[in-house]
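Report on the structure given below.
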Amino acid sequence: MVPFSALAGASDEPDPSVAADRFLGPDSPHPGAWAAPPVAWPQEKLLEKETLGVIEMAIDELPEAQRDVILLRDIDGWTPMEVSDALGITDGNQRVLLHRARSRVRAALEAYLNPEIAGGAP
């Protein structure tokens, strides 16, 4: 038996949503806690045209199934049920696709806005 998410392109992301090195290891007093917690992004920077371009590029680079779901949910404002019905996928699958899409876009934003943490370039 193969999960539908594997067929719909949801499993083509080999990496976790957040890199494992951002969390404390099993030998730490608090295993699994943030080693380097997320940093707040400057709100004024988020609204700049260049930042919006980073978001658009990150969405364009998503696998098709993830791109479809994030565009319908976050750009067009569709409900989860509307997206599931339109794409012919389960509610659970659309949630997985949306989570992975948002994670990738968030990683692209983090690399752009906080390159010292994410290893990206401004």
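Pairs under 6 Å by beta carbon, first residue more than 18 Å from Ile59 (Cβ to Cβ) in segment 72-96, partner hydroxyl-bearing (Ser, Thr, Tyr), six or more apart or different chains?
Hits for this filter: Asp91/Ser84; Asn93/Ser5.
Please work out which one of (1) out of contact with any Lys or Arg (no Cβ under 7 Å at 6 or more places or on another chain); (2) of a type in the set (D, E, K, R); (3) at pLDDT below 90 is the condition Glu82 fails and give its number.
(3)
Please enumerate the residues belonging to segment 60-79 that are assigned to a helix (DSSP H, G or I) and either in contact with a Lys or Arg (Cβ under 7 Å, 6 or more places away or on another chain) or loosely packed, with under 12 Cβ neighbours inside 10 Å (or both). Steps first, please.
So in segment 60-79, the residues assigned to a helix (DSSP H, G or I) come out as 60, 64-75.
Hits for segment 60-79 are Asp60, Glu64, Gln66, Ile70, Ile75.
Quick check on segment 2-38: of everything there that is hydrophobic (A, V, I, L, M, F, W, C) and under 16 Å from the mean Cα position of the chain (by Cα), which residue is modelled with the highest pLDDT? Spell out how you get there, then give the answer.
Of segment 2-38, the ones hydrophobic (A, V, I, L, M, F, W, C) are 2, 4, 6-8, 10, 18-20, 23-24, 33-36.
Those still in the list that are under 16 Å from the mean Cα position of the chain (by Cα) too: 10, 18-20.
Numbers: Ala10: 45, Val18: 70, Ala19: 72, Ala20: 75.
Taking the candidates together, the pick is Ala20.
For Trp41, indicate whether it is surrounded by 10 or more Cβ atoms within 10 Å (Cβ to Cβ), modelled with pLDDT under 80 and more than 13 Å from Ala107 (Cα to Cα).
Numbers: surrounded by 10 or more Cβ atoms within 10 Å (Cβ to Cβ): yes; modelled with pLDDT under 80: yes; more than 13 Å from Ala107 (Cα to Cα): no.
No.
Pairs only if they're at least six apart or on different chains, beta carbon under 6 angstrom, first in segment 98-109 and touching a residue at least 24 places away in the same chain (Cβ under 8 Å), second part of a helix (DSSP H, G or I) and of a type in the set (Lys, Arg); list them, first residue then second.
So the pair list comes out as Leu98/Arg73.
The values are calculated or read from the model by the stated rules, or taken from the named source; none is laboratory data. Since this is a predicted model, take the numbers as computed values, not measurements. Neighbour counts are summed over all protein chains in view; Cβ atoms, including those assigned to glycine, are modelled from backbone coordinates with ideal geometry.
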